[in-house]
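Participant: Just passing along the structure, written as structure tokens.
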Amino acid sequence: MAKITASVYTSHVPAIGAAIDTGKTTDPYWVPLFKGYEPSKSWMEASKPDVIFLVYNDHATAFSLDIIPTFAIGCAAEFKPADEGYGPRPVPTVIGHPELAAHIAQSVIQDDFDLTIVNKMDVDHGLTVPLNLLCGSPDAWPCPVIPFAVNVVQYPVPSGRRCYNLGQAIRKAIESYDEPLKVQIWGTGGMSHQLQGPRAGLINREWDNAWLDTLISDPDAAASVPHIDYVREAGSEGIELVMWLIARGAMDDVAGGPPPKLAHRFYHVPASNTGVGHLILENQ
Amino acid sequence: MALEKPYKDIPGTTIFDADQSRLGYHLNQFCMSLMKAANRERFKAGERAYLDEWPMTEEQKQAVLARDLNRCIALGGNIYFLAKIGATDGKSFQQMAGSMTGMSEAAYRDMMINGGRSVEGNRYIGEDGDAQAHRQPQGKKD
């Protein structure tokens, strides 16, 4: 049977992608950020999964205001890097895993989560920047990826509790798949940032780190944080953090297993407008 | 019955909810059209004529022409959509975000390098933080 081996959490700031694409990763501004992901790259080499289930949000790229799915699962064979207005990022096409994606859709929808099934979609920096941070800039991504897009652009976005419960349903789906695949689940976005209005530039290092502590040791408490706390304390775009709860809800301890092992933790301010957080949790 | 909107008491912040989305539908879809290189070229060649192809309000069109992102947001724009205008203009996300504060580009960048804007005084309308209405625009000379 398939098994979730680990969960990875990271911010997905577009400027990180731009720094990689324009060869600025050794600029003094970016050195501390990329240094924080060096252990993650080594970990990824040593713990290569068969599939990554990657939770992210689309930033008005694949989804305009014509259709706004709350949860969308990518079931296609491949996903092209999107042109977000600056031309497509020069990164590999993302290869999907249609069989596992279809299995997860079937299982999770029967567990009362009404996913939108997407068979054609370009993927933006929300998905490709985390892949760069963990895998570098290879000619091909190391394994198939199932994109899972969450609406965090138009309010109301799903609650933290809803995301956490969905993670548990995704875990059940993955662990009922017959092939013995090693699957990682990634939650991306956040941490504190606000990109709009006179309050733009808000960063809350203390709140971010306290939230990381809670996510690691008491995920049920993290799932209880209401939307308004994210917005007030971590900025209007800090709400993206609800996506981390999908990955956290899929870990063994939530289903009665042992607590996960913290393999890596990193926090850095700033990347452009954003407080960058990163965790790797392994199932024991 | 009016629905609860607890986020209305945060200074300098507009939450893009279903009501804002309804107001801004055509404005945001205009922005979305700039994802295509050919449309970016046509927009740059004649902004007013291009905007007139969209059923936007005159106020929305003026806000776009003036690149007044705060006004665009008040009229239903969403920052991820408005960012397509910035991309067309060759601006980074940081330049766009900074433009909404009244700070110079350098002052905004320095604020971010020094750890970003503090939440202190900026949680609730009526406090005295730098995002409060009575302290706008920021970066003005005393």
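No value in this document is a laboratory result; all are computed from the given coordinates. Quick caveat: nothing in here was measured; it's all calculated off a predicted structure. Here Cβ is always computed from backbone atoms with ideal geometry, including for glycine, and neighbour counts include all displayed protein chains.
Participant: Take peptide B:77-88, look around each residue's Cβ out to 10 angstrom, count Cβ atoms belonging to other protein chains, and average those counts.
Facilitator: Mean partner shielding for this stretch: 5.
Participant: Take the alpha carbon atoms of the range A:161-210, find their center, do the same for the range B:1-56, and report the distance between the two centers in whole angstrom.
Facilitator: Using only Cα atoms, the two centres lie 27 Å from each other.
Participant: Run the numbers on chain A and let me know its relative contact order in percent, using alpha-carbon pairs under 8 Å that are six or more apart.
Facilitator: The normalised contact order for chain A reaches 30 percent.
Participant: State, as an integer percentage, the relative contact order of the range A:79-230 based on alpha-carbon contacts under 8 Å between residues 6 or more apart.
Facilitator: For the range A:79-230, the relative contact order is 24 percent.
Participant: By counting other Cβ atoms within 10 Å of each Cβ, how are B:R48, A:R265, B:R109 ranked from fewest to most?
Facilitator: The fewest-first ordering by Cβ neighbours comes to B:R48, A:R265, B:R109.
Participant: Separate question: Given a cut-off of 20 Å, what percent of all Cα-Cα pairs of the range A:216-284 lie beyond it?
Facilitator: It works out to 35 percent of all Cα pairs.
Participant: May I pose another question? If neighbour count is taken as other Cβ atoms inside 10 Å, put B:R135, A:R232, B:R22 in order from fewest to most.
Facilitator: The most exposed by this proxy come first: B:R22, B:R135, A:R232.
Participant: Is the shape of the range A:25-73 rounded, prolate or oblate, going by the alpha carbon gyration tensor and its root eigenvalues a ≥ b ≥ c, with a/c under 1.5 for rounded and a/b larger than b/c for prolate?
Facilitator: Oblate shape, in that a/c is at least 1.5 and b/c is the bigger or equal ratio.
Participant: If each residue of separation counts as 0.36 nm, what is the full-extension length gain between A:A263 and A:E38 once their alpha-carbon separation is subtracted?
Facilitator: Taking 0.36 nm per residue and subtracting the Cα distance, the gain is 79.7 nm.
Participant: Right, another one. Could I get the Rg over Rh figure for the range B:1-51? Both from C-alpha atoms, Rh via Kirkwood, rounded to two places.
Facilitator: Here Rg/Rh amounts to 1.18.
Participant: Enter the per residue convex hull volume of the protein assembly as shown, computed from alpha-carbon coordinates, in Å³ rounded to the nearest integer.
Facilitator: Taking only Cα atoms, the protein assembly as shown has a hull volume of 144 Å³ per residue.
Participant: Taking 35 Å as R0, compute the FRET efficiency from the Cβ-Cβ separation of A:D229 and A:D178 and round it to 0.05.
Facilitator: Plugging the Cβ-Cβ distance into 1/(1 + (r/R0)^6) gives 0.30.
Participant: When chain A is modelled as a GNM with alpha-carbon springs shorter than 10 Å, which of A:D208, A:D66, A:D220 fluctuates the most?
Facilitator: Judging by the Gaussian network model, the answer is A:D66.
Participant: While we're here: Can you check what the net charge comes to around A:D58, using other residues whose Cβ is under 11 Å from the Cβ of A:D58 (Lys, Arg +1; Asp, Glu -1)?
Facilitator: Every neighbour counted, the sum reads -3.
Participant: Then there's this: Taking the Cβ of A:Q284 as the centre, find all other residues whose Cβ is under 10 Å away and add up their charges (Lys, Arg: +1; Asp, Glu: -1).
Facilitator: -2
Participant: Another one. Is there a simple number for the mean count of other chain Cβ atoms within 10 Å of the Cβ of residues in B:30-37, and what is it?
Facilitator: Average neighbour count from other chains, rounded to a whole number: 3.
Participant: Sticking with this structure for a sec: If you take the beta carbon distance between B:A2 and B:I125 as r and set R0 to 25 Å, what does 1/(1 + (r/R0)^6) give as a FRET efficiency, to the nearest 0.05?
Facilitator: That pair, B:A2 with B:I125, gives E of 0.85.
Participant: Any idea how far apart B:D9 and A:I67 come out in nm if each label point goes 7 Å out from Cα toward Cβ?
Facilitator: Result: 4.0 nm between the two label points.
Participant: Related question: Can you tell me what share of the DSSP beta bridges in the protein assembly as shown is antiparallel? A percent to the nearest 5 is fine.
Facilitator: Here the share of antiparallel DSSP bridges comes out near 45 percent.
Participant: Sticking with this one: How are the alpha carbon pair distances in the range A:168-284 distributed across 5 Å bins from zero to the largest one, expressed in percent?
Facilitator: 2, 11, 21, 23, 16, 12, 8, 4, 2, 0, 0
Participant: So, one more: Quick check for you: which residues of the range B:42-70 have the amide N under 14 Å from the point 7 Å beyond the Cα of B:Y25 toward its beta carbon?
Facilitator: The answer is B:55-57, whose backbone nitrogens lie closer than 14 Å to the label point.
Participant: What average number of partner chain Cβ atoms lie no more than 10 Å from the Cβ of the residues making up A:113-124?
Facilitator: 0
Participant: For the range A:167-246, calculate the relative contact order in percent as a whole number, restricting contacts to Cα pairs under 8 Å that are 6 or more residues apart.
Facilitator: 41 percent
Participant: Continuing with the same structure: Using a 7 Å offset from the Cα along the Cα-to-Cβ direction at both B:S118 and B:K44, what is the distance between the two label points in nm, to one decimal?
Facilitator: For the pair B:S118/B:K44, the computed spacing is 4.2 nm.
Participant: Still on this structure, please answer the following. I'm a student and want to see the number: the projected area of the Cα convex hull of the range B:1-135, averaged over all directions, in nm².
Facilitator: Averaged projected area of the range B:1-135's Cα convex hull equals 9.5 nm².
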